[in-house]
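Quick notes on the structure that follows.
The values are calculated or read from the model by the stated rules, or taken from the named source; none is laboratory data. Small disclaimer: the values here were computed from a predicted structure and weren't measured. A quick note on method: Cβ atoms are made from the backbone with ideal geometry, for glycine too, and the neighbour counts reach across all protein chains shown. The protein model used for the area step is the full one, side chains on, heavy atoms only, and it has no ligands, DNA or RNA in it. Shrake-Rupley method; radii C 1.70, N 1.55, O 1.52, S 1.80 Å.
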Amino acid sequence: MSSSSSIPTDSTTSKTAVRVRDVTKTFGTGDGRTVALKGVDFETREGELHLVVGPSGCGKTTLLSVVAGTLDWDAGEIDVLGTRLNGMKKGAVTAFRGRHIGFIFQQFNLIPTLTCVENVSVPLLLNGVHRRQAESTAAELLQRVGLGDKGRKHPTELSGGQQQRVAIARALSHEPRLIICDEPTSALDRDTGHHIMDLLSTAARAPGRCVIIVTHDPRTYGYADRITEMEDGRVRQVLDGDALRHYVAQHA
Ligand SMILES: Nc1ncnc2c1ncn2[C@@H]1O[C@H](COP(=O)(O)OP(=O)(O)OP(=O)(O)O)[C@@H](O)[C@H]1O
Ligand SMILES: [Mg+2]
């Protein structure tokens with residue numbers, strides 16, 4: 001495994017990219033009520049690849065969704081790239097996300113009526129890039145994720161792992177400062193998984209950027225600068241430095 005954990009993240013000088021303070025989120029009411037986040041504190045720094053791990057249902061996707069501004073939360077503060085999301089109008093959050101955040105959803109969320117090149121072009125078009133340039137960048141990105149020959153195909157013509165890679169190319173296309181990924185390697189074989197993690201590590205190291213990844217996949221742990229482990233709507237532990245190295249070795 002090519003590990004990036006040997007690259008130091010200087011937490012004394014690097015800036016905070018995402019700060020979540022005491023955030024709660026409840027779904028439903030009455031008997032159907034689920035408290036998905038029970039006062040979560042979470043922090044990611046620029047230049048960092050940060051993994052969020054924990055059992056199914058512990059609140060990982062919910063945490064990513066409130067940070068990406070795609071889901072409202074009940075209480076607590078969220079700052080993303082120096083912008084406080086609390087109190088922002090929906091349209092402003094959408095515009096902020098479109099400019100600065102690339103999101104790889106657990107379910108990929110590709111647009112079935114568009115080809116792969118068109119899907120990857122969408123964030124660029126939304127940011128004012130002309131179609132021809134957007135499609136040329138998209139084709140290049142598809143090449144980088146190993147799908148150079150699939151550009152004209154539609155998502156339904158691809159395997160799950162291939163669709164996942166199109167979603168990754170789309171999230172990288174407009175070079176967002178924050179990349180948020182929900183299980184980016186779940187449908188990928190070993191080699192492709194490592195190739196994608198290499199791409200995401202490189203994206204995390206670019207100046208002023210960071211990557212947050214929810215994962216169940218221990219093959220990704222060696223790439224982490226920090227791991228936040230969640231349990232039942234709460235943060236159980238945050239690992240970096242020697243504790244992180246020990247955790248990675250334990251799970252290898
Ligand atoms: N839209 C929703 N409506 C009602 N309950 C929800 C909704 N989304 C999530 N939940 C509940 O909130 C809790 C946290 O869900 P979440 O999707 O964040 O878990 P997760 O850690 O991402 O799990 P997994 O690893 O299976 O993806 C779960 O109990 C889930 O059932
Ligand atoms: Mg999830």
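Within the stretch 65-82, can one find any residue that is away from ligand 1 (no atom under 16 Å from the Cβ), closer than 27 Å to T16 by Cα, surrounded by fewer than 18 Cβ atoms within 10 Å (Cβ to Cβ) and modelled with pLDDT under 95? Within the stretch 65-82, one or more residues are away from ligand 1 (no atom under 16 Å from the Cβ), closer than 27 Å to T16 by Cα, surrounded by fewer than 18 Cβ atoms within 10 Å (Cβ to Cβ) and modelled with pLDDT under 95. For the stretch 49-60, the count of residues that are charged (D, E, K, R), under 27 Å from V166 (Cβ atoms) and either out of contact with any Asp or Glu (no Cβ under 9 Å at 6 or more places or on another chain) or more than 13 Å from ligand 1 (Cβ to nearest atom) (or both) is zero. For the stretch 111-118, the criterion of being within 12 Å of ligand 1 (Cβ to nearest atom), among the hydroxyl-bearing types (S, T, Y) and at pLDDT 95 or above is met by no residue. For the stretch 109-129, the criterion of a residue being within 16 Å of ligand 2 (Cβ to nearest atom) and assigned to a loop (DSSP other than H, G, I, E, B) is satisfied by at least one position.
When E140 is tested against (1) farther than 25 Å from A17 by Cα; (2) at pLDDT below 95, only condition (2) is not met. Restricting the stretch 11-46 to residues that are assigned to a loop (DSSP other than H, G, I, E, B) and open to solvent by 80 Å² or more (accessible area, probe 1.4 Å) leaves a set whose member that is modelled with the highest pLDDT is R33.
Within the stretch 33-90, the residues that satisfy the criterion of being of a type in the set (K, R) and more than 16 Å from ligand 2 (Cβ to nearest atom) are R33, K38, R45, R84, K89, K90. On inspection, E135 fails the criterion of being touching an Asp or Glu at 6+ places or on another chain (Cβ under 8 Å) and either open to solvent by less than 10 Å² (accessible area, probe 1.4 Å) or within 16 Å of ligand 1 (Cβ to nearest atom) (or both).
Scanning the stretch 83-127 for residues that are open to solvent by less than 50 Å² (accessible area, probe 1.4 Å) and more than 19 Å from the chain's Cα centre (by Cα) turns up A92, L114, T115, C116, V117.
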